[in-house]
Amino acid sequence: MYGKGLKPLSIATVVAIAAALSLVFFYAPLDADQGFIQKIFYLHVPLAITALIGFVVGGVFAVLHLRSNDRKWDAYSYVSIHMSVIFGVAVLITGSIWAKASWGHWWVWDEPTLVSFLIVFLMYATYYPFRYAIEDPERQGRYASVFAVTAGAFVPLNFMAVRMAQSLVHPRVFATTNGGLPGSMMFTFLVCLAAVALLWVTLVKLELTAKSTSGQLKRLRRALDAPPTGSSRPRIAPEVS
Amino acid sequence: MPDLLFATPALPLDEAGKYVAGAYIVFLVLIVVYVAIMASKLQRMERELRELAGFAETRSQGEVAAPGRGSEGQSISDSFAPHGAEEAASDV
C-alpha cells in the first residue's frame, strides 16, 4: 500500500537532484561576498527548511493519531520525525563546514540560529529513547504523539524567536533588505528546495513501505506459527534479526 | 548582509572548493549509508519471507502426504529448505 507510486517518485527525485546540482554549479553566479563557498547554502538551507517542516509535519500526523487513534498516523509521525532527524544531522555537518570556511570556527555558541537548531535537534534526539522506553504499543504511540505535538509546536515558535533576535552574523536567505537573493540565485535555491523536499518525501515513503512490509511479515509469521486446530503445541519460529 | 560577512573576503577557489566538496560529499555519504541500511533491512525481509514460504510449502505438502496427522512437530526453523541455485532460478 505504501509502496504505491514509489518508483515514479524516486525517478522524479533523482531528476530534481540532478537538475539542482547542475544549476548550482553551472548556472548560479558566484556570490560577491562569499565566492564559491556560498554554494554550500544551496544544500544547507533547503535541508534545514525541510527538516524543520518535517518536524512540524510529524506533529500534525501526531494530532491525527491522537484524534483518530489510528496507528497508521503514529507510523507517519514517527517516520517524519526520523527522517527529519537524519536531515538534521546533515544540516549540522554542512553548516559547520560552511562556518569553518567562512568564520574560521566549526561552531559559534553566541549565534542564535545555530544554537536554536541544535536545541531542536537534541530535543528530537530524545524522541527515540522516550518512545522505546515504553513497552505497551498503545501507550508508546500515544505518549510519542503527545511529544511530537508539543515539540512540533515549539519548532515555529523557536524559529520566530530566532528571527526576532536579530542575528549578527548568520546570513539570511529570504531577507527583505540587504540580503535578498537575485533572480538566478533564488531560482536555483527554489529548485534545490524542491529537490530536497522530494528526497524527504521519497525516503519517508520508502521507510513506511519497509515498516509496513515488516509488519505484514510478522503477521504472516504469527499466522503460520499458530497451532492447527486440535493441536496444543505451538510452532515457535525465531524471528530473523 | 551582516558585518562579518562583509569583512570576510571570498576564499580562493582552491581553498573554498574542498569545503564545498566536503559538504556535498557528507550529504551523499549520509544518503548512501541510509540506502545501505534500507538494503540490509530488505535483505532480512527477503530471507524471512523465503523462510516463511518454505515453511508454508512444507506444511501443505505434509498435510497432503498424511491427511489428518497435521505437522505439529515441525517448526519454521526445522522446515528450512536448502535454497539452491535451482530454487533461486525458479524464484526469478
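Just a few scattered comments:
- Among the residues of the range A:133-154, the one identified as closer than 21 Å to residue A:89 by Cα and either part of a loop (DSSP other than H, G, I, E, B) or not hydrophobic (A, V, I, L, M, F, W, C) (or both) is A:152.
- Flag if residue A:75 is more than 14 Å from every other protein chain (Cβ to nearest Cβ) and aliphatic (A, V, I, L, M): yes
- Options A:85, A:45, A:79: the member that is crowded, with 18+ Cβ neighbours inside 10 Å, closer than 17 Å to residue A:199 by Cβ and free of Cβ contacts under 8 Å to residues at least 60 places away in the same chain: A:85
- Residue ID - surrounded by the most Cβ atoms within 10 Å (Cβ to Cβ), chosen from residues in the range A:138-167 that are more than 16 Å from residue A:61 (Cβ to Cβ) and free of Cβ contacts under 8 Å to residues at least 12 places away in the same chain: A:163
Since every read-out is calculated from the coordinates, none of them should be taken as a lab result. All of these numbers come straight from a predicted model, not from anything done at the bench. As a convention, Cβ positions derive from the backbone with ideal geometry for all residues, glycine included, and neighbour counts pool all protein chains shown.
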